[in-house]
Amino acid sequence: MGATVVVGTQWGDEGKGKIIDILASRADLICRYQGGNNAGHTVVVGGEEHTFHLIPSGILHEGKTCVIGNGVVIDPEALVQEIEGVESHGTVTSGRLFVSDRSHVIMSYHKVLDQVIDEQRGKGKIGTTGRGIGTAYMDKTARIGIRMCDFLDEETFREKVQIALEEKNDLLEKLYSYDMERPSAQEVFEKYRDYADRLREFTTDTSVLINDALAGGKQVLFEGAQGTMLDVDFGTYPYVTSSNPVAGGAATGTGVGPTRIDRVVGVVKAYTTRVGEGPFPTELSGELADRLRNAGPIGEYGRTTGRPRRCGWFDAVVVRHAARVNGLDYLALTRLDILDVLDSIKVCVGYECGGKKVTGFPPLLRMLVGCTPVYEEVEGWKEPTVGARSYGDLPEGARKYVERLSELVGVPVGLISVGPGREETIELKDMMRP
Ligand code: IMP
């Protein structure tokens, strides 16, 4: 038996897609546990790019079971489109993809509300993906959400839509002065009925499925979306997403007890990026940021919204925080090759806040804004790392950089990625084993 959780240690977009794709080849079942189609994983197989928003990318591996857990919020329209997309490449989803009957559904009004609410925040806007993620989670915790099991039951769905729509239409018109045509409950019901019919065959009690798999000695991989600093509890609140990307979310988001989880892998970029608003202590601007953004075969642009990502130096305060709140066993270091061209590289080892040294990540934004990163500067190796297939193939400077990051974070490195392709990887350890 073995259960491994893969989490992002920064603000998402660490390259989890590729790491999960590699580990998925050794797993029997791959499971998403939070977030929704705000996420975007890109996997390059044989030079062909595949982007996933909801379905675990493990679906590309023949014979693997893929699960979308109860902690995920599902836009039925997006999921149906993704299923069709995957199937058009000849991949079978029937009998391999399962969706939790307890996961919550994103409705059209969640998307409108998400965009309207964020716009009205003005200067304090979060810069959400506008996919209705936060507003669907709002309804979930307000206990007025629609779960997949409700969605598939015509009578329950009709009743819930009626109630929700009246409330949302009032909110949009009266509170947010949103100019719109009021859709009727019947219209919404009709629009969604086809999606419900299409998704019925995939929907089940996935907690039973995963626990049975573990009891039967199968390898299970839990795939986190976004990253620790976007976690609603441990991230840069309120500039976060509305779920728990941290490893603990894998238990609540799938119905698997913490006693069944064996290890946690933290995916970490060799520098830092962030999309959307919110604090980013080591952020760079100007030419250096542009170089990081545009280096390598895949630039730093959001997979879901296409927005340019903000870029900055590696921040050990952030990743140490992630190591603690996730209980990381290994680091999977990605995009090392992007640094190949730099003359010198900075690493943030701590912050100075009001004349004091701070080593933990401050929760209070007002304090964080007043913090200055303390940097160590290392010489660039100025040699390509793309072709490296073993640790010894890496230039000495690159090895020193990797070792310093690991030392600062206090977690061993299990894998180094030097390009987007599956083969552009140096594995130091089988991270699915103790
Ligand atoms: P939401 O998840 O759409 O509510 O957006 C909240 C914040 O999380 C925004 O700053 C988004 O840019 C960010 N975010 C959401 N999903 C991702 C992701 O997959 N990668 C990086 N940032 C994300």
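Computed from the coordinates by the stated procedures, all read-outs in this text should not be read as laboratory data. Remember, predicted model here, so these are calculated numbers, not experimental data. When we count neighbours, we look across all protein chains shown, and the Cβ atoms used for this are built from the backbone with ideal geometry, even at glycine.
Tabulated values for the structure
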{"item": "Convex hull projection area averaged over all views, the chain, Cα basis, nm²", "result": "20.6"}
{"item": "Among V67, V358, V347: highest mean-square fluctuation, GNM of the chain, C-alpha pairs under 10 Å", "result": "V358"}
{"item": "Cα-based reach from K346 at 26 Å (exclusive), listing lysines while leaving out same-chain residues under 8 positions away", "result": "K16, K18, K269, K356, K357, K382, K400"}
{"item": "Ranked list, fewest to most other Cβ atoms within 10 Å of each Cβ, for V318, V265, V86", "result": "V86, V318, V265"}
{"item": "In order through the range 235-242: 3J(HN,Hα) via Karplus (6.51 cos²θ - 1.76 cosθ + 1.60), integer Hz, x for Gly, Pro", "result": "x, 7, 4, x, 7, 9, 8, 9"}
{"item": "Once the Cα gyration tensor of the range 211-324 is diagonalised, semi-axes √(5λ) in Å", "result": "31, 15, 13"}
{"item": "R147, R366, R198, R335 arranged by Cβ crowding within 10 Å, fewest neighbours leading", "result": "R366, R198, R147, R335"}
{"item": "S285-E154 FRET efficiency (beta carbon distance; Förster radius 51 Å; 0.05 resolution)", "result": "0.40"}
{"item": "For the chain, cysteines whose Cβ has no other cysteine Cβ within reach (under 4.7 Å)", "result": "C31, C66, C149, C311, C348"}
{"item": "Sites matching GluC sites (Glu not before Pro) across the range 162-230 that sit in DSSP coil, with at most 11 neighbouring C-beta atoms within 10 Å", "result": "E181"}
{"item": "The chain - mean residue ellipticity at 222 nm from DSSP helices (-39,500 (n - 2.57) per run, n ≥ 4, rounded to 500)", "result": "-9000 deg cm²/dmol"}
{"item": "Ranked packing of 323-334, 94-105, most packed first, by mean Cβ within 10 Å", "result": "323-334, 94-105"}
{"item": "Shape category assigned to the range 138-187 from the gyration tensor of Cα positions, a/c cut at 1.5", "result": "oblate"}
{"item": "Mean Cβ neighbour count within 10 Å, used as a protection proxy, ranking 123-132, 382-391 highest first", "result": "123-132, 382-391"}
{"item": "Cα gyration tensor shape for the range 25-162, rounded if a/c is under 1.5, else prolate or oblate", "result": "oblate"}
{"item": "Share antiparallel - DSSP beta bridges, the chain, percent rounded to 5", "result": "40"}
{"item": "Neighbour-count ranking [beta-carbon atoms within 10 angstrom, fewest first] of Y301, Y401", "result": "Y301, Y401"}
